[in-house]
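Visitor: Have a look at this one before I ask anything.
The values are calculated or read from the model by the stated rules, or taken from the named source; none is laboratory data. Worth saying up front: this structure is predicted, and the values here are computed from it rather than measured. Reconstructed Cβ throughout: ideal geometry from the backbone, glycine too, with neighbour counts over all protein chains shown.
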Amino acid sequence: MKLKELASTIAFCRLTGDKNTDITGIQMDSRKVQPGDLFICIQGQKFDGHDYAKQAIDHGASALVVEHDVDLNVPKLFVKKSRDAMAIIANHFYGYPSHEMKVIGVTGTNGKTSSTYMMEKIMRDAGHITGVMGTIGIKIVDQVFESDRTTLEAVDLQRNFRKMRDAGVEYCLMEVASIALEVGKVKGINFRTALFTNLTQDHLDDHGTMENYRAAKGLFFSRLGNTQGPTDKDMKYAVLNADDAASDYYAKLTSAQVITRNEQP
């Protein structure tokens, strides 16, 4: 894919260097860069990807996505926030794979892993082809791969969605951590269903207060179901634990159809 095509997906950006540079992959970790990759410089809390841009070029990166200039003579795509740009670019590069299957995301303090694997068992018993992404690892049909975090970075998510879809996966069950929602890892994913397990006092080192923690998870539901379509594929659902008080808050945030334990009118 040409660099200029990826640049065209970003509303406000500036592209310097050869616009027709071929991009054969995307990475945000300079240690994993292969020749032809686009290296995205992410500004994190503990590191700055711009500091590793030269290492990425030495490994064969063809171009860079940057928030500020680096002294390297390669094509550069300047963006306001590289993490947001990464979600958009990766989605386009891998062909919007989440739109080709039904993605069910599970968020909550406890029960995310158990919920995804219970649902996977039910779906497989019903004859569906499944994939799972979460704390235990990545499962594509019957193949299992290691993972170092609950919710992967956007480029890794999209890469694995594409692998799943190419393997015939119909349903992907994935864990969605609150911090992943807050930093934008899951932006651009076409979730069919968002499921909430519970909200208990945890992860306050990341969010500070329970109100902030609740609000971070609320991003999942506020981004779900703002459009409806004519087919079953277009429908969106929020599955909420009626025993947890936070469910009322999430029900108000979403435009998706809300499902709890009692749905009879």
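Visitor: Being assigned by TED's automatic domain parsing to the domain that holds Gln143, hydrophobic (A, V, I, L, M, F, W, C), in a loop (DSSP other than H, G, I, E, B) and closer than 22 Å to Asp243 by Cβ: is that true of Leu199 here? Walk me through how you get there before you give the answer.
Guide: Values: assigned by TED's automatic domain parsing to the domain that holds Gln143: yes; hydrophobic (A, V, I, L, M, F, W, C): yes; in a loop (DSSP other than H, G, I, E, B): yes; closer than 22 Å to Asp243 by Cβ: yes.
Answer is yes for this residue.
Visitor: Additional query: What's the number of the condition Thr151 fails, among (1) of a type in the set (S, T, N, Q); (2) in a helix (DSSP H, G or I); (3) within 12 Å of the chain's Cα centre (by Cα)?
Guide: (2)
Visitor: Answer with yes or no whether Met210 is surrounded by fewer than 16 Cβ atoms within 10 Å (Cβ to Cβ) and without any contact (Cβ under 8 Å) to a residue 12 or more places away in the chain.
Guide: Details: surrounded by fewer than 16 Cβ atoms within 10 Å (Cβ to Cβ): yes; without any contact (Cβ under 8 Å) to a residue 12 or more places away in the chain: yes.
So Met210 fits the description; yes.
Visitor: Exactly one condition in (1) over 30 Å from Val33 (Cβ atoms); (2) at pLDDT 95 or above; (3) crowded, with 16+ Cβ neighbours inside 10 Å; (4) not aromatic (Phe, Trp, Tyr) is false for Val176; which is it?
Guide: It is condition (1) that Val176 fails.
Visitor: Follow-up. Which of the residues spanning the stretch 82-96 are outside any loop (DSSP other than H, G, I, E, B) and either among the small types (Gly, Ala, Ser) or surrounded by fewer than 19 Cβ atoms within 10 Å (Cβ to Cβ) (or both)?
Guide: Scanning the stretch 82-96 gives Ser82, Asp84, Ala85, Ala87, Ile88, Ala90, His92.
Visitor: Right, another one. Answer yes or no as to whether Thr113 is part of a helix (DSSP H, G or I), surrounded by fewer than 17 Cβ atoms within 10 Å (Cβ to Cβ) and either of a type in the set (Val, Ile, Thr) or in contact with a helix residue (DSSP H, G or I) (Cβ under 6 Å, 6 or more places away or on another chain) (or both). Walk me through it before giving the result.
Guide: Numbers: part of a helix (DSSP H, G or I): yes; surrounded by fewer than 17 Cβ atoms within 10 Å (Cβ to Cβ): yes; either of a type in the set (Val, Ile, Thr) or in contact with a helix residue (DSSP H, G or I) (Cβ under 6 Å, 6 or more places away or on another chain) (or both): yes.
So Thr113 passes the test.
Visitor: Would you pick out the residues in the stretch 154-174 that are within 10 Å of the chain's Cα centre (by Cα) and in a strand (DSSP E or B)?
Guide: Across the stretch 154-174, the qualifying residue is only Met174.
Visitor: State yes or no: is Asp125 more than 23 Å from the chain's Cα centre (by Cα) and among the acidic types (Asp, Glu)?
Guide: On the way: more than 23 Å from the chain's Cα centre (by Cα): yes; among the acidic types (Asp, Glu): yes.
The answer is yes for Asp125.
Visitor: Note down all Cβ pairs under 7 Å where the first residue falls in the stretch 112-132 and is in the same structural domain as Asn241 (by TED's automatic domain parsing), the second is in a helix (DSSP H, G or I), and they're at least six residues apart or on different chains.
Guide: Listed by first residue and then by second, the contacts come to Thr130/Glu120; Thr130/Met123; Thr130/Arg124; Gly131/Met164; Val132/Thr116; Val132/Tyr117; Val132/Glu120.
Visitor: Next question, about the same structure. Scan Ala194, Ala180 and give me the residue that is in a helix (DSSP H, G or I) and under 27 Å from Asn91 (Cα atoms).
Guide: Details: Ala194 fails: in a helix (DSSP H, G or I).
After applying the criteria, what remains is Ala180.
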